[in-house]
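The values are calculated or read from the model by the stated rules, or taken from the named source; none is laboratory data. Since the model is a prediction, treat every value here as computed from it, not as a measurement. In this analysis, Cβ positions are derived from the backbone assuming ideal geometry, glycine residues included, and neighbour counts consider all displayed protein chains.
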Amino acid sequence: MLISRNGYRRDKHGQWVKKPVSDLNNSRHYVLVRCDECDKLYKTLWNNRQHRLEQGKIDLCNPCSKSGVRNSQHGKDRSELLAHARTFYRNNSMLGKHHSASSRAIMSKSKASQIASGEFNILANNRGRKAWYESTKSQITFFVDSALELLRMKQLDGDPAVRSWTKRHGIKIPYEFQGVQRYCVPDFLITLNNGTRCIEEVKGRVTSREMAKKEAMSRWCQREGYAFRYLLQSELNENGEYRRFLKGL
């Protein structure tokens, strides 16, 4: 069931623009739809939905569209096929890309530079949430990698002790993981009203690689005179803030 009265898309500047549903025709605008099976709200492209309706299909969210008999693999025994596929990929050394440690270090530094300057095109890469947020403090639009990061952006905008914050700070910090030299970009550079500059990283899941980044950022901040904060999801959800935030998305 169609819920939206307007369709939304991004213009060349990355800003959301809307257009009445009655004027969409075959455009690539996003609209809000209610799943006819589970009543969950989800967004979809207008022209894709129109094509599905022309085929006599109903509105289904992604999980419902792939559940039960709608799943092409429903009821099939694929164990032999998967076992054969794993053997093939494991034994064929020509498949996939095998970069040297020096090449991976160069690629990591190049990518970190693009992220730190805000030039990295998240719409063309698999980087989490793939959304944008306009700061009420600076009126600058920043990319969002996760729902946790979006919550933190809103908190920083509402914090009276914060003078300004940015993701386009140009800071990339070298670190080493599994013998390869890499570069990481902190989530935020925050300036407090008392003049303190703080590097902040927010994480929902901590791995051995993330711990290597944390240690490198901590050492860098101590050397360069920045404060450093490492916030976990559990800290941002201490009083249920993150859980309530997710429900409101």
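A few remarks follow.
- Here VAL144 clears all of (1) without any contact (Cβ under 8 Å) to a residue 24 or more places away in the chain; (2) on the phi > 0 side of the Ramachandran plot; (3) not charged (D, E, K, R) except the condition numbered (2).
- Subset of the stretch 67-88 (residues that are surrounded by 11 or more Cβ atoms within 10 Å (Cβ to Cβ) and either at pLDDT below 75 or within 30 Å of VAL180 (Cβ to Cβ) (or both)): ALA85
- Restricting attention to the stretch 90-101 and to residues that are surrounded by fewer than 10 Cβ atoms within 10 Å (Cβ to Cβ) and within 31 Å of the chain's Cα centre (by Cα), the residue that is modelled with the highest pLDDT turns out to be SER100.
- Counted residues, the stretch 147-166 - those being surrounded by fewer than 16 Cβ atoms within 10 Å (Cβ to Cβ) and of a type in the set (A, V, I, L, M): 1
- Tally, over the stretch 179-213, of residues that are surrounded by fewer than 19 Cβ atoms within 10 Å (Cβ to Cβ) and among the β-branched types (Val, Ile, Thr): 5
- Qualifying residue in the stretch 104-120 (condition: among the aromatic types (Phe, Trp, Tyr) and either more than 17 Å from the chain's Cα centre (by Cα) or at pLDDT below 75 (or both)): yes
- Here ALA131 clears all of (1) closer than 28 Å to MET153 by Cβ; (2) modelled with pLDDT under 80; (3) outside the structural domain of TRP165 (by TED's automatic domain parsing) except the condition numbered (3).
- Lone qualifier among VAL185, VAL144 - being among the β-branched types (Val, Ile, Thr), at pLDDT below 90 and under 16 Å from the mean Cα position of the chain (by Cα): VAL144
- Conditions (1) more than 17 Å from GLY170 (Cβ to Cβ); (2) of a type outside the set (S, T, N, Q); (3) in contact with a Phe, Trp or Tyr (Cβ under 9 Å, 6 or more places away or on another chain); number of the one not met by GLU201: (1)
- Hey, TYR183 of a type in the set (Ser, Thr, Tyr), out of contact with any Asp or Glu (no Cβ under 8 Å at 6 or more places or on another chain) and either under 28 Å from SER102 (Cβ atoms) or not assigned by TED's automatic domain parsing to the domain that holds VAL144 (or both) or not: yes
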